[in-house]
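Only one structure is covered here, and it is reproduced in the block below.
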Amino acid sequence: MNRRLLSSVVLALAVAVPGIALTGGYVDIKAASLPREVAVGRVVPVAFTVTYPNGDPCPAARPVVRLSSGRTQREFAAVATKDPGAYLAHVKLPREGEWSVVIDARYCTNICKLAPVTAVAAVASRQ
């Protein structure tokens, strides 16, 4: 098959099946900021959206929130909310220290790094 014909077939498929044009593309992950300090063991909601650059929700995303501190890592699955493209994960920091927070859309290798969160002993928490 020559290149011109192949290009025409790919273009025709992209027009006929809109989802194909978005496959393997790019998504935007937007999250509200988290508190700077969180009590150890306290459940913290992490709300965010996963959308295509045009603002349409990304139905193929299966996002997770990853926390890491030193060699300790935790992963929390996010669930879709009633709003298209919106997700919510409930995370819990297991021990004191500074934790990095990453939202992984698990689609297009897109991630969103949030500001680190410090886990403090429950009695020392300012919340």
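Worth a mention:
- Matching strands (runs of 3 or more DSSP E) fully within segment 50-124 where at least 2 residues are modelled with pLDDT of 95 or more, closer than 13 Å to Y26 by Cα and among the charged types (D, E, K, R): none
- Condition met for S8 (at pLDDT below 95 and within 21 Å of S100 (Cα to Cα)): no
- Close pairs from segment 72-95: first of a type in the set (V, I, T), partner loosely packed, with under 13 Cβ neighbours inside 10 Å, Cβ under 9 Å, at least 6 apart: T72/R95; V91/V43; V91/P45
The values are calculated or read from the model by the stated rules, or taken from the named source; none is laboratory data. Quantities reported herein were computed from a predicted structural model and do not represent experimental measurements. In this analysis, Cβ positions are derived from the backbone assuming ideal geometry, glycine residues included, and neighbour counts consider all displayed protein chains.
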